[in-house]
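Notes to accompany the following structure.
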Amino acid sequence: MKLTDIWKSRQKPTISFELFPPRTEKTAENLEKTIDVLADLKPDFVSVTFGAGGSNRDGSLQLARKLKHDKKLEVITYFAGYGLGPDDITSVLNNYREIGIENILAVRGDKPEDENFKPHTESFSHANELVKFIKPKYDFCLGVAGYPEKHIEAASKEKDMEYLKLKVDEGAEFIMANYFYDNNFFFDFVERCRKNGINLPILPGIMPVYSIKMMEMLASICGATITENLRKGIAALPEGDKEALTSFGIEFAAAQCSALLKTNVPGLHFYTMDRSESVAGILSKLKSENFL
Ligand SMILES: Cc1cc2nc3c(=O)[nH]c(=O)nc-3n(C[C@H](O)[C@H](O)[C@H](O)COP(=O)(O)OP(=O)(O)OC[C@H]3O[C@@H](n4cnc5c(N)ncnc54)[C@H](O)[C@@H]3O)c2cc1C
């Protein structure tokens, strides 16, 4: 089912989880367990990431197939176009269409770590070109990425908004937002979108704190501000106590989610990092407080 149809037909905000394909046997085993726990939480849909430069594209396809056909979950596959030529793009999208995928998040992607990777001469520079390429050829429900705090390369929030509008004008039907630790970034982003004539569903992304190292690393790559209250909360925990950090992360994210659910968000999209404990904890808390 198309996500836009799910949002139209569902009375309550959707709950969804992002997963990425495993790279080793050990992570594949862990992912199996994670999927079982997450599937029991009955998400409205799950998403599958796509490796930079098409690395592990088979892994993404296999994971999408497993989630859709074995686990009977609705799936959105991400597609990062960086460095890929039209034939590669078509081949990946045809494979997704063949396994019944109806939703695609079209992102530009970033330069892969592999120094030998050579971008295709006809590859696209920006996601709006990718949306323009996909839209007339496929019947996917197309989403694009949005950045409440602006994309890390963007000169200003205004410029970033201009380019987001371009993606919408090329045919995007919804926006998936990068995560943030202060809801005000998201509320301000939605307001600026509306002022700029973007009236699509904007799905907020939630990134629980899994470890301090991961939080710092992801924030520097994704351009998310680690807020003062988050830093203070972590500093007050016993040093090195992983359980205390996980519980704090659950509390922090659950408070963010409950405040978001008081507004008319279409849903909550959790960046699971292929883990289930924190997300299960957050949802259980939201249910116990009657937010879900
Ligand atoms: C929800 C979500 C899921 C993601 N999933 C993946 C994934 O699975 N795989 C992956 O590799 N990456 C993923 N990413 C990361 C994404 O690929 C990077 O953030 C990338 O740097 C930008 O992608 P984009 O689609 O936002 O690019 P764009 O929309 O092209 O924007 C990139 C930058 O260029 C500027 N810009 C946009 N259009 C133009 C234009 N026409 N001319 C000049 N400047 C322009 C923008 O302001 C921005 O600064 C994801 C990001 C999000 C938020």
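The values are calculated or read from the model by the stated rules, or taken from the named source; none is laboratory data. Only a predicted model underlies this, so the values are computations on that prediction, with no experimental measurement involved. Cβ placement follows ideal geometry from the backbone for every residue including glycine, while neighbour counts extend to all protein chains displayed.
Assorted remarks:
- Among the candidates Ala172, Ala177, Ala253, the residue that is in a strand (DSSP E or B) and either among the hydroxyl-bearing types (Ser, Thr, Tyr) or surrounded by 21 or more Cβ atoms within 10 Å (Cβ to Cβ) (or both) is uniquely Ala177.
- Considering the conditions (1) touching a helix residue (DSSP H, G or I) at 6+ places or on another chain (Cβ under 6 Å); (2) outside any loop (DSSP other than H, G, I, E, B); (3) among the aromatic types (Phe, Trp, Tyr), Phe185 is excluded by exactly one of them, (1).
Residue by residue, here is whether (1) at pLDDT below 95; (2) of a type in the set (Asp, Glu); (3) within 17 Å of the chain's Cα centre (by Cα); (4) closer than 22 Å to Pro119 by Cα holds:
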site: Leu19; (1), (2), (3), (4): no, no, yes, no
site: Arg23; (1), (2), (3), (4): yes, no, no, no
site: Asp36; (1), (2), (3), (4): no, yes, no, no
site: Lys68; (1), (2), (3), (4): no, no, no, no
site: Val75; (1), (2), (3), (4): no, no, yes, no
site: Gly81; (1), (2), (3), (4): no, no, yes, yes
site: Ile89; (1), (2), (3), (4): no, no, no, yes
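- Residue count, the range 97-137 (criterion: more than 11 Å from the ligand (Cβ to nearest atom), of a type in the set (Phe, Trp, Tyr) and either crowded, with 18+ Cβ neighbours inside 10 Å or under 18 Å from Asp169 (Cβ atoms) (or both)): 1
- Looking across the range 45-77, the residues that are within 16 Å of the ligand (Cβ to nearest atom) and surrounded by fewer than 23 Cβ atoms within 10 Å (Cβ to Cβ) come down to Phe45, Thr49, Gly51, Ala52, Ser55, Asn56, Arg57, Asp58, Gly59, Leu61, Gln62.
- Out of Ile234, Ile226, Ile198, one residue alone is in a loop (DSSP other than H, G, I, E, B), under 23 Å from Gly281 (Cα atoms), β-branched (Val, Ile, Thr) and touching a residue at least 24 places away in the same chain (Cβ under 8 Å). It is Ile226.
- Just one of the listed residues (Ile221, Ile152) is within 18 Å of Arg108 (Cα to Cα), within 15 Å of the ligand (Cβ to nearest atom), part of a loop (DSSP other than H, G, I, E, B) and out of contact with any helix residue (DSSP H, G or I) (no Cβ under 6 Å at 6 or more places or on another chain), namely Ile152.
So that you can scan it fast, the table gives a plain yes or no per residue for (1) of a type in the set (Phe, Trp, Tyr); (2) within 20 Å of the chain's Cα centre (by Cα); (3) closer than 26 Å to Ser16 by Cα; (4) modelled with pLDDT under 95:
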position: Leu130; (1), (2), (3), (4): no, yes, yes, no
position: Ser156; (1), (2), (3), (4): no, no, no, no
position: Phe174; (1), (2), (3), (4): yes, yes, yes, no
position: Phe180; (1), (2), (3), (4): yes, yes, yes, no
